[in-house]
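Some notes on the structure that comes next.
The values are calculated or read from the model by the stated rules, or taken from the named source; none is laboratory data. This is a predicted model, so every value here is computed, not measured. Note that we place each Cβ from the backbone using ideal geometry, even for glycine, and neighbour counts take in every protein chain shown. Ligands, DNA and RNA are excluded from the accessible area calculation, which covers all protein heavy atoms including side chains. Shrake-Rupley method; radii C 1.70, N 1.55, O 1.52, S 1.80 Å.
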Amino acid sequence: MADPSTYRPKPGEIPDSPGVYRFRDEHRRVIYVGKAKSLRQRLNNYFQDLAGLHPRTRTMVTTAASVEWTVVGTEVEALQLEYTWIQEFAPRFNVKYRDDKSYPSLAVTMNEQFPRVQVMRGPKKKGVRYFGPYGQAWAIRETVDLMLRVFPVRTCSAGVFKRSAQIGRPCLLGYIGKCSAPCVGRVSPQEHRELAEEFCDFMAGHTGSYLRRLEREMQDAAEEMEYERAARLRDDIDALKRAMEKNAVVLTDATDADLIAVAEDELEAALQIFHVRGGRVRGQRGWVTDKVEAVGTPELVEHALQQLYGAEQGDASEGGGSGGVPKEVLVPALPEPAEPIAQWLTERRGAQVSLRIPQRGDKRALMETVKRNAEHALVLHKTKRASDLTTRSRALEEIADALELDSAPLRIECFDISHLQGDDVVASMVVFEDGLARKSEYRRFQIKSFAGQDDVRAMHEVISRRFRRYLVEKQKTGEWPEEELGGELEAGPEGGSPLPRPEAAPVHESVPGLCGEPSPEPVPARGAVRDEEGRPKRFAYPPQLVVVDGGQPQVAAAKAALEELGIDDVAVCGLAKRLEEVWLPGDSDPVVLPRSSEGLYLLQRVRDEAHRFAIRYQRGKRGKRLRSSPLDAVQGLGETRKKALLKHFGSVKKLRAARVEEISQVPGIGRKTAETVAAALAEGAPAGPVVNTATGEIVEEE
């Protein structure tokens with residue numbers, strides 16, 4: 001690990017002007033490329049105290065061994081040079097988007113004597129017109145099959161074309177009218193090229209003129225009583241309309257635009273682009289990237305624009321496909337500053353480019369669709385990554401090595417605490433086995449031993465309760481003799497075997513939610529461990545690793561709870577959310593896993609799942625509490641009569657002030673029920689007015 005002070009430029013060496021800089025490692029490999037409006041200000045930020053740097057930036061500057069820079073005249077030139085160097089050196093610490101798949105495009109080889117229509121992947125070639133990319137190759141073939149009725153362009157390979165020319169007989173497409181058969185001279189090279197150009201014009205969105213021309217020819221043929229030709233033209237018109245329907249109109253102003261959306265988390269980002277030409281979606285592509293540097297949405301958008309248009313030139317409307325730069329580029333967030341990148345796009349297009357965030361209307365609605373596609377792509381990417389057996393095995397091995405465990409943690413349990421300013425304090429437990437979520441063993445807890453906000457104490461309580469139940473199961477099987485437990489014993493839940501009760505551990509009665517409520521979502525898995533009565537055991541297995549959401553305090557509380565119960569064969573760690581650091585009990589410094597580590601990715605998935613499960617439970621409890629009413633405590637009063645009372649009086653406050661005779665006048669409420677309601681509301685009457693502590697206003701009770 002290098003010390004940045006060893007290669008820090010001397011004061012005054014760095015110019016105060018726009019430029020591009022490169023960090024190199026000890027082997028002279030470029031590991032990071034960046035641009036700056038002021039090189040002096042930007043580079044000085046890298047050489048501050050390491051403790052003040054983001055962990056990713058800290059890793060970069062300690063990996064580097066030297067820094068160099070190039071001065072340019074404007075920020076636009078810096079943007080272009082940065083793109084060139086990133087493509088040339090592929091620095092490991094720069095954001096690099098990669099296609100989550102190789103998207104096919106519809107290509108027309110206008111650089112050949114007889115242009116050919118085909119599906120093509122990979123880098124673009126000079127002299128070839130591209131349309132797309134499309135999500136699936138079959139979508140291209142369906143469109144081409146419909147259009148060959150009207151534009152019978154060659155689709156065969158060079159070998160088939162040469163063979164047909166030699167034998168003087170066209171292929172099957174030539175016989176059924178879906179190829180003009182230039183191989184046998186049915187049309188001249190010029191006529192075939194005109195067909196290919198018309199095909200490209202139609203794909204580029206110039207559809208109205210062709211449809212009107214075919215309709216006129218159909219009418220003329222019908223007037224001349226050439227009914228077979230008119231029927232053929234009618235079928236051609238239907239085929240073109242079906243091909244057009246495959247690219248539905250999404251923007252009524254027939255604009256050319258690219259819409260870019262980003263979905264991201266702490267480790268990865270997915271990006272989706274919709275290419276809209278002539279108001280229709282002509283193509284779509286997606287990228288996924290690891291966030292190896294500290295970047296937000298504006299920086300991700302800027303990198304995407306560089307990669308998307310760095311090799312493009314000219315107006316996109318001229319090509320008709322995804323090539324070139326469109327008139328509008330719609331993004332979720334503008335780069336900072338936005339003027340240089342907008343000017344750079346304008347120079348590449350040769351005309352003004354509008355770079356903006358859509359605010360309303362059809363474009364905003366379409367942007368929401370692109371956003372949903374990006375979110376789906378990120379989820380799909382993570383699912384594929386998590387389901388890969390080799391990747392999961394590597395992740396478990398990395399966790400074992402980093403935490404110095406004896407073996408890979410095949411069962412991981414993660415705990416998280418959730419509350420809203422100390423109210424409705426709950427906890428969650430999620431289980432991962434072999435790197436996959438085991439939802440049938442998720443559990444949720446209500447914190448009832450104290451009131452208020454104390455995450456450390458709550459974590460101690462939850463860990464104690466979970467492992468007390470584990471000890472109950474071990475006592476039932478005789479694996480944990482009572483004489484080895486030590487300390488005072490308390491009765492187990494539901495009349496079970498005795499439990500150890502260390503003095504420091506809180507004592508609870510058996511109440512709903514105390515020992516962990518099962519998740520309402522999953523059903524116990526088939527083959528789950530069951531007791532003598534056939535019921536699934538909730539805490540039959542111990543984990544090899546306990547993960548808590550938090551830093552040193554939460555880890556210390558979890559470790560103390562285990563030690564108080566005499567459990568010393570379960571490892572404990574914590575994952576701090578802000579910097580993604582792994583904390584171990586008793587260590588003053590965290591374990592920092594590499595950003596590309598599959599082990600860190602798995603720990604983060606476990607932590608995020610526990611956080612999601614806890615928040616869902618907490619929100620449900622809070623919503624139920626907020627929807628509660630003093631009338632809920634009245635015995636024998638159902639929903640229908642409660643609604644009738646509130647509708648008649650307008651609020652609980654007015655109902656509380658009403659006399660028994662007035663209450664009994666409500667339809668369905670008798671004298672006895674009215675007396676019960678009045679008594680219940682009188683007992684629960686507030687001591688004084690309810691005051692909003694934020695504004696000081698008296699809140700009228702509804």
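Go through (1) surrounded by fewer than 16 Cβ atoms within 10 Å (Cβ to Cβ); (2) in contact with a Lys or Arg (Cβ under 6 Å, 6 or more places away or on another chain); (3) in a helix (DSSP H, G or I) one by one and return the number of the condition GLU68 breaks.
(3)
Residue by residue through region 447-458, note down the ones that are within 14 Å of HIS419 (Cα to Cα) and either at pLDDT 85 or above or over 30 Å from the mean Cα position of the chain (by Cα) (or both). First the steps, then the outcome.
First, the residues of region 447-458 that are within 14 Å of HIS419 (Cα to Cα): 447-448, 450-458.
Those that are within 14 Å of HIS419 (Cα to Cα) and either at pLDDT 85 or above or over 30 Å from the mean Cα position of the chain (by Cα) (or both): ILE447, LYS448, PHE450, ALA451, GLY452, GLN453, ASP454, VAL456, ARG457, ALA458.
Output the residues belonging to region 333-366 that are in a loop (DSSP other than H, G, I, E, B) and surrounded by 20 or more Cβ atoms within 10 Å (Cβ to Cβ).
Passing the criteria: PRO335, VAL353.
Checking GLU441 against (1) exposed (fewer than 15 other Cβ atoms within 10 Å of the Cβ); (2) more than 23 Å from the chain's Cα centre (by Cα), which test does it fail?
Status for GLU441: all satisfied but (1).
Give just the number: which of (1) touching a helix residue (DSSP H, G or I) at 6+ places or on another chain (Cβ under 6 Å); (2) open to solvent by 30 Å² or more (accessible area, probe 1.4 Å); (3) outside any helix (DSSP H, G or I) does PRO11 not satisfy?
Of everything listed in (1) touching a helix residue (DSSP H, G or I) at 6+ places or on another chain (Cβ under 6 Å); (2) open to solvent by 30 Å² or more (accessible area, probe 1.4 Å); (3) outside any helix (DSSP H, G or I), PRO11 misses just condition (1).
Test THR640 against the stated conditions and say whether it is at pLDDT below 85, open to solvent by 60 Å² or more (accessible area, probe 1.4 Å), assigned to a loop (DSSP other than H, G, I, E, B) and farther than 30 Å from VAL379 by Cβ.
No.
What about ARG469, is it part of a strand (DSSP E or B), open to solvent by 30 Å² or more (accessible area, probe 1.4 Å) and modelled with pLDDT of 80 or more?
Working: part of a strand (DSSP E or B): no; open to solvent by 30 Å² or more (accessible area, probe 1.4 Å): yes; modelled with pLDDT of 80 or more: yes.
Answer is no for this residue.
Mind checking which residues of region 348-374 are touching a helix residue (DSSP H, G or I) at 6+ places or on another chain (Cβ under 7 Å) and not aliphatic (A, V, I, L, M)? Walk me through it before giving the result.
Just the residues of region 348-374 that are touching a helix residue (DSSP H, G or I) at 6+ places or on another chain (Cβ under 7 Å), to begin with: 348, 352-353, 355, 358.
Hits for region 348-374 are ARG348, GLN352, PRO358.
Which one of GLU494, GLU461 is at pLDDT 85 or above and under 23 Å from VAL426 (Cβ atoms)? Please lay out each step first, then the result.
Working: GLU494 fails: at pLDDT 85 or above.
When all the criteria are applied, what remains is GLU461.
Need pairs with beta-carbon distance below 8 Å; first residue under 14 Å from ALA560 (Cα atoms) and within region 446-474, second open to solvent by 20 Å² or more (accessible area, probe 1.4 Å) and in a helix (DSSP H, G or I); sequence gap 6+ or separate chains.
Going by the 8 Å Cβ cut-off, the qualifying pairs are VAL456/PRO553; VAL456/GLN554; VAL456/ALA556; MET459/GLN554; HIS460/ALA560; SER464/GLU564.
Those residues that are in a loop (DSSP other than H, G, I, E, B) and surrounded by 19 or more Cβ atoms within 10 Å (Cβ to Cβ), I need them from region 14-48; list them, please.
First, the residues of region 14-48 that are in a loop (DSSP other than H, G, I, E, B): 14-18, 25-29, 37-38, 47-48.
Correct list: ILE14, PRO18.
Could you please tell me which pairs satisfy a Cβ distance under 8 Å, a separation of 6+ or placement on different chains, a first residue in region 132-154 that is closer than 21 Å to ARG212 by Cα and open to solvent by 30 Å² or more (accessible area, probe 1.4 Å), and a second residue that is outside any loop (DSSP other than H, G, I, E, B) and at pLDDT 75 or above?
ARG149/ASP235; ARG149/ASP236
As an exercise: evaluate VAL379 against (1) open to solvent by 10 Å² or more (accessible area, probe 1.4 Å); (2) within 21 Å of GLN80 (Cα to Cα); (3) at pLDDT below 85 and give the number of the one condition it does not meet.
It fails just one condition, (2).
Mind listing just one residue for me: the one in region 595-624 that is under 18 Å from the mean Cα position of the chain (by Cα), within 17 Å of ALA402 (Cα to Cα) and not charged (D, E, K, R) and, of those, surrounded by the fewest Cβ atoms within 10 Å (Cβ to Cβ)?
SER596
Confirm whether SER102 is modelled with pLDDT under 80 and either assigned to a loop (DSSP other than H, G, I, E, B) or surrounded by fewer than 18 Cβ atoms within 10 Å (Cβ to Cβ) (or both).
Values: modelled with pLDDT under 80: yes; either assigned to a loop (DSSP other than H, G, I, E, B) or surrounded by fewer than 18 Cβ atoms within 10 Å (Cβ to Cβ) (or both): yes.
Yes; evaluated as a whole, the condition is true for this residue.
Given the residues ALA78, ALA90, ALA51, which is the only one that is crowded, with 18+ Cβ neighbours inside 10 Å and not hydroxyl-bearing (Ser, Thr, Tyr)?
On the way: ALA90 fails: crowded, with 18+ Cβ neighbours inside 10 Å; ALA51 fails: crowded, with 18+ Cβ neighbours inside 10 Å.
From the options ALA78, ALA90, ALA51, the qualifying one is ALA78.
Looking at (1) of a type in the set (Val, Ile, Thr); (2) modelled with pLDDT under 85; (3) open to solvent by 50 Å² or more (accessible area, probe 1.4 Å), which is the one condition that is false for THR207?
The number of the failed condition is (3).
So is ARG58 in contact (Cβ under 8 Å) with a residue 24 or more places away in the chain and in a helix (DSSP H, G or I) or not?
Numbers: in contact (Cβ under 8 Å) with a residue 24 or more places away in the chain: no; in a helix (DSSP H, G or I): yes.
In short, no.
So, in region 290-326, exactly how many residues are hydroxyl-bearing (Ser, Thr, Tyr), modelled with pLDDT of 80 or more and either more than 25 Å from PHE23 (Cβ to Cβ) or surrounded by 20 or more Cβ atoms within 10 Å (Cβ to Cβ) (or both)?
Keep residues of region 290-326 that are hydroxyl-bearing (Ser, Thr, Tyr), which gives 297, 309, 317, 322.
With the extra rule that they be modelled with pLDDT of 80 or more, the set shrinks to 297, 309.
When the remaining residues are screened for being either more than 25 Å from PHE23 (Cβ to Cβ) or surrounded by 20 or more Cβ atoms within 10 Å (Cβ to Cβ) (or both), the result is 309.
Residues flagged as hydroxyl-bearing (Ser, Thr, Tyr), modelled with pLDDT of 80 or more and either more than 25 Å from PHE23 (Cβ to Cβ) or surrounded by 20 or more Cβ atoms within 10 Å (Cβ to Cβ) (or both) within region 290-326 amount to 1.
Which count do you get for residues in region 418-443 that are in contact with a helix residue (DSSP H, G or I) (Cβ under 9 Å, 6 or more places away or on another chain) and either farther than 30 Å from THR391 by Cβ or part of a loop (DSSP other than H, G, I, E, B) (or both)?
The qualifying residues number 9.
Evaluate the following for THR391: is it in contact with an Asp or Glu (Cβ under 6 Å, 6 or more places away or on another chain) and either open to solvent by 40 Å² or more (accessible area, probe 1.4 Å) or within 30 Å of TRP287 (Cβ to Cβ) (or both)?
On the way: in contact with an Asp or Glu (Cβ under 6 Å, 6 or more places away or on another chain): yes; either open to solvent by 40 Å² or more (accessible area, probe 1.4 Å) or within 30 Å of TRP287 (Cβ to Cβ) (or both): yes.
The answer is yes for THR391.
Name every residue in region 645-665 that is in contact (Cβ under 8 Å) with a residue 24 or more places away in the chain and open to solvent by less than 30 Å² (accessible area, probe 1.4 Å), in order of residue number.
So in region 645-665, the residues in contact (Cβ under 8 Å) with a residue 24 or more places away in the chain come out as 645, 651-653, 655-656.
Correct list: LEU645, SER651, VAL652, LEU655.
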